[in-house]
Amino acid sequence: MMKMSLDPVQVMSGQVKELRVTPSSNGDSRGSWEEKEEFDQDNLGLGTRPKPVTGRRARKVEGGVFFPKPENAVTVAVSSRVLFRTEREQKVFEQEGVEEYLRFQIEHENEPFAPGPAFPFVKALETVNTGLRELYPQSEELFDIVLVTYNHAHVGIRLINTINHHNLFIERFCMTGGSSPIGYLKAWQTNLYLSADADKVREALAEGIAAATMFMPEKQTEVSESQLRVAFDGDAVLFSDESERIFKAHGLDKFFEHERENEDTLLDHGPLKGFLEALGKLQKKFYAKGKRMDCPIRTYLVTARSAASSGIRALKTLRAWGLEIDEALFLAGAPKGPMLEKIRPHIYFDDQMFHVEGAAEMGTIAAHVPYGIAQKHNAKQIPGVGK
C-alpha cells in the first residue's frame with residue numbers, strides 16, 4: 001500500500017485583472033474581466049512613463065458588487081491544506097504547539113506556500129469562469145471559491161500573500177480559529193467541500209454537503225490548462241450504496257442478478273450527484289452558445305461495474321435525472337489507475353481507498369468520499385485517515 005500525504009483543496013484562481021463594471025438589467029452592477037497594469041504612484045513624474053508594479057493585483061469594482069450571491073454560484077469550499085503545501089507548518093503545530101505555530105506563521109508570512117493538490121483544480125475553475133464571463137458578462141452563474149481554514153486570523157496575512165503571489169482570485173475566507181467550519185459551509189450554500197480532515201468531511205456529508213478528502217500523490221500527472229476534467233465513481237459517489245451493499249453481503253453473482261431485476265428502477269442519489277448537476281448546468285450554458293464540442297468542462301464516469309451485466313441501470317438513472325456524462329468507462333473490475341492516467345482529471349472521486357490509492361500511484365489527484373458500506377473496509381485498511 002502506497003504512502004500518500006493528505007492535502008485538501010480550496011481556492012479559486014484568478015489573474016491580475018481589473019474589473020470593469022456595467023449595470024445589469026435588474027439594476028445591480030456586475031463585472032467583466034479586463035487586463036490592466038497597475039502603476040507605482042511614487043514613480044508618476046512629468047514626462048516619464050510610470051513603472052509597472054509587479055506582484056500586485058488591481059481589481060477595481062466601481063459602484064457595485066462583483067461577487068455572485070451564494071444561491072446563484074457553484075460554491076467550492078477548499079481547505080488551505082489542500083490548496084497549498086503546508087506539511088512543514090503542520091509539523092511545527094504537532095511538535096511544538098499552537099503558540100509556536102502562530103509565531104512561525106507570522107515570521108514567515110512573506111514566504112508563499114507552494115501549490116497543493118487542489119491548486120490545478122482551482123486554476124481550471126478560473127478558466128471556466130473566464131469563458132463564462134466572455135459569453136455571459138452579467139451572469140452570476142460562476143464557480144465561487146471559499147477558502148476554509150481552521151487557522152487563527154493571524155495566519156490570514158500569509159494566506160493572502162500566497163494567493164497574490166500565485167495570482168489567484170480568492171476573496172472569500174472562512175478562518176474558524178480551530179472550530180468546525182460545517183455551519184459556515186451551509187451558510188455559503190456550498191456545492192463541494194474539499195479538505196484534508198476526513199472527520200470534517202464525514203461531518204459535512206452527514207449534513208448533506210458534497211465533500212471529499214483530498215490526497216497528494218507522490219508523483220503528479222500534468223493536467224489540461226484549458227479544460228476542467230472531473231471524474232466520478234458511480235456507486236456511493238453519484239449513486240447510493242444500495243447495489244454495493246448487495247455485493248458486499250451476497251457476492252458478485254447476486255449483485256448482477258439484483259441489477260438485472262431492477263434495471264428499470266432508478267438508483268437513489270449519492271453524495272456527489274448535486275455537484276455533477278451543478279457542472280451540467282454550467283456545461284449547458286456553453287452548449288447554448290454553440291460550444292458543445294469545445295466546452296471547457298468535461299465529466300467522466302469511471303466505474304468498476306460491467307457494461308452488459310450492470311451498466312444499464314446506471315445509465316438509465318443518469319438519463320432520468322437529466323444528467324449528461326461526457327464519457328462513461330465500465331471497467332468490469334479492471335484497475336482504474338491506467339484509465340485515469342489517460343483521462344488526466346483535475347480530480348477523481350471514489351468511495352474506496354483501494355481505488356484512491358491506485359489512482360494516486362498513477363499520478364492522479366484523487367479524493368476519497370467516506371460514504372456508504374465500503375467505509376467499514378476502508379477504516380480497517382487505512383487507520384487514522386485524515387488525521
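Here are a few things to note about the model shown:
- Loop-located trypsin sites (Lys or Arg not before Pro) in the stretch 198-267 (DSSP state not H, G, I, E or B) with no more than 15 neighbouring Cβ atoms inside 10 Å: Lys219.
- Rg and Dmax of the stretch 177-265, both derived from C-alpha coordinates alone, stand at 17.6, 52 Å.
- Stokes-Einstein translational diffusion, the stretch 125-181 - Kirkwood Rh over all Cα pairs, 1.567 mPa s, 4 °C, in µm²/s: 100
- Note on surface exposure: Asp241, Asp268 rank Asp268, Asp241 by accessible area, highest first, 1.4 Å probe.
- Whether the stretch 250-387 is rounded, prolate or oblate, judged on the alpha carbon gyration tensor where a/c under 1.5 counts as rounded: oblate
- Extension gain from Lys284 to Ser306, taking 0.36 nm per residue of separation minus the Cα-Cα distance: 5.0 nm
- Residues Asp197, Asp326, Asp351, Asp294 ordered from highest to lowest accessible area at a 1.4 Å probe: Asp294, Asp326, Asp197, Asp351.
- Full extension of the chain segment joining Lys342 with Glu263 gains 25.4 nm, where the gain is 0.36 nm per residue of separation less the Cα-Cα distance.
- When the residues Lys69, Lys289 are ordered by accessible surface, computed with a 1.4 Å probe over the protein chains alone, the sequence from largest down reads Lys289, Lys69.
- Restricting the stretch 279-386 to GluC sites (Glu not before Pro) in coil, as DSSP defines it, with at most 16 other Cβ within 10 Å: Glu324
- Model label sites at Glu222 and His165, defined 7 Å from Cα along the beta-carbon direction, differ in position by 2.4 nm.
- Amide N proximity, the stretch 223-261 versus Ala320 label position 7 Å along Cα-to-Cβ, cut-off under 15 Å: 239-243, 259-261
- Over the stretch 86-223 - Rg/Rh using Cα atoms and the Kirkwood inverse-distance radius: 0.97
- The stretch 313-344-the stretch 218-270 distance, computed between alpha-carbon centres (Å): 8
The values are calculated or read from the model by the stated rules, or taken from the named source; none is laboratory data. Everything quoted here is computed from the prediction, not taken from an experiment. Quick reminder, even Gly has a Cβ in these numbers, built from the backbone with ideal geometry, and neighbours come from all protein chains shown. For accessibility, only protein heavy atoms count, side chains too; no ligands or nucleic acids. Shrake-Rupley method; radii C 1.70, N 1.55, O 1.52, S 1.80 Å.
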